[in-house]
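Chemist: Sharing a structure here in structure tokens format.
Where a number appears in this text, it was derived from the coordinates with a stated rule and is not lab data. Everything numeric here is computed off the predicted structure, so don't read it as measured data. Ideal geometry is used to build each Cβ from the backbone, glycine not excepted, and the neighbour counts take in all protein chains shown.
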Amino acid sequence: MRLYHSAGSPFARAVRVALRETALLPRVEELEATLRDPASRLLPHNPVGRVPTLVLPDGTALTETVLILDHLDTLGAPHRLLPPAGPARWRAQAALGRVIGLLDGIAVWNRELRRVPEERSPAVLALEEARANRVADALEAEAEAWALAGPPDAPRIVLGCVLGYAERRHRVWSWRQGRPKLAAWWETIAARPSFTDTVPPLSGI
């Protein structure tokens, strides 16, 4: 299998962290791809041009983070990312949906900030900042429930990547302010080798 990724993408980082936490990394070749590039080596496999893209041995390309994480659970790893069918799975999927939603909103916020100032939408910026703070406040209140008890599952991996993105590539968001429990949680997960091995580059935002 081949995983096409970008070093700055938190969506791709979640898959890269998961590969390390499940001990599946030796079965996958990680290939960094350029984005928004008509010559990108990713495009023959995924014409949409987005990462992560996991190319399976039969040539099938999986192109969404949640879909890829779900697929990894079919490969016989000793550590599952999501529980099998049942109430625990629905709860985990609900938590995963929340943090993916947080990441989607931050991505919109970040892209808006990358526009020249006169083209930015104050309404979009205000909406996404409010959304991010609302979700982060809920996570602060639930911090004990997110505590690690062994290798992280899919929701915790994605949340760690969201906050890592805010630390390195969306620093305009002061997510730690007023959220000491969430900050302490992130410090713990960020120290794991799977996270230290996939730290994204710093951005100017």
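Chemist: Give me the extension gain from Ala130 to Ala143: residue separation times 0.36 nm, minus the current Cα-Cα distance, reported in nm with one decimal.
Modeler: Value of the extension gain: 2.7 nm.
Chemist: What FRET efficiency, computed as 1/(1 + (r/R0)^6) with R0 = 30 Å and r the Cβ-Cβ distance, is obtained for Met1 and Leu202, rounded to the nearest 0.05?
Modeler: Numbers: r = 30 Å, r/R0 = 0.99.
Calculated transfer efficiency: 0.50.
Chemist: Over the range 87-192, what relative contact order in percent results from Cα pairs under 8 Å that are six or more residues apart? Walk me through the numbers on the way to the answer.
Modeler: Working: 63 pairs, mean separation 34.2, N = 106.
Relative contact order for the range 87-192 comes out at 32 percent.
Chemist: Suppose the chain between Ala23 and Arg114 were pulled fully straight at 0.36 nm per residue; how much longer would it get relative to their current alpha carbon spacing?
Modeler: Difference between extended and current length: 29.1 nm.
Chemist: Would you please give the FRET efficiency between Arg41 and Arg176, computed as 1/(1 + (r/R0)^6) with r the Cβ-Cβ distance and R0 = 35 Å, to the nearest 0.05?
Modeler: After rounding, the FRET efficiency stands at 0.40.
Chemist: Answer with a single label: of (1) 15.7, 45; (2) 16.9, 51; (3) 19.3, 69, which was calculated as Rg and Dmax of the Cα atoms in Å from the structure in view?
Modeler: Only one option fits the structure, namely (2).
Chemist: So, in Å, what gap is there between the alpha-carbon centers of the range 101-127 and the range 139-205?
Modeler: 21 Å
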